[in-house]
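Student: Dropping a structure here in structure tokens format, bear with me for questions.
The values are calculated or read from the model by the stated rules, or taken from the named source; none is laboratory data. All values reported here derive from a predicted model rather than from experimental measurement. Note: areas computed on protein heavy atoms with side chains; ligands, DNA, RNA excluded. Shrake-Rupley method; radii C 1.70, N 1.55, O 1.52, S 1.80 Å.
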Amino acid sequence: MSNLLFPVVKSLPLFCLLWGANGAAQGVGWPSLSQLLAQPDGGSECAREDPDGPQIIGLEGTLTNREVYDRAQRMAGALLSLGIVKGQAIGIQMANTPEFIITYYGIALMGGVLLTMHMPYRAPEMAPLLNHGRAVAVVCEPATEKYNAPDTMRELKRVVPTLEHVIVGP
């Protein structure tokens, strides 16, 4: 799934359109950092309580609580299989898609520290962030015509001594 207009996580929208009494859109609301950090279970509670309930709703369909949790567990297992351990930082440069949410939950499940990087950032802006956070891995999207994120991340390995793994998402 990709190119979501309004990705929504159960009880925690990444962003939502706010509607007025007259039915007109009034703005966009964003969760606070404390709201995001209050969801560290990787979706396990929702998967237990309502496995077939919607977790992510987007233009290309809906993923259930169980589907999201299962994918997050696979992501956590993949990170652990690379030798990444609890407390290590993992950079992520992805758009607001289901893959971002699943990656976020996967990192939370394995105990990693999420280091998000704004999509317009390129190597000069990301290098200090990755160095400061001592990132051992980075997750990015596949190369596009406009931006080759995997090559950029591999180049960053030369200037970020702790960076060992470049993981390219779907």
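Student: Working out 0.36 nm times the residue gap between residue 95 and residue 125, then minus their Cα-Cα distance, what length gain in nm do you get to one decimal?
Tutor: Roughly 9.1 nm would be gained on extension.
Student: First check a/c for the range 77-136, with a ≥ b ≥ c the square roots of the eigenvalues of its C-alpha gyration tensor; if it is under 1.5, answer rounded, and if not, answer prolate when a/b is larger than b/c or oblate otherwise.
Tutor: Oblate is the answer for the range 77-136, as a/c is 1.5 or above yet b/c matches or exceeds a/b.
Student: Using modelled backbone amide H atoms (1.01 Å from N, in-plane), which distant-in-sequence or interchain residues come within less than 5 Å of residue 165's amide H?
Tutor: Answer set, sorted by chain and number: 137, 138.
Student: Given the protein chains as shown and a 1.4 Å probe, how many square angstrom of residue 166 are accessible, to the nearest 10?
Tutor: The accessible area comes out at roughly 40 Å².
Student: Next question. Sequence gap at least 6, Cα distance under 8 Å: using those rules, report the relative contact order of the range 90-140 to the nearest whole percent.
Tutor: Reported relative contact order: 58 percent.
Student: Can I ask one more? Roughly speaking, what is the stretch gain from residue 145 to residue 49, that is 0.36 nm per residue apart minus the C-alpha to C-alpha distance, in nm to one decimal?
Tutor: Roughly 30.4 nm would be gained on extension.
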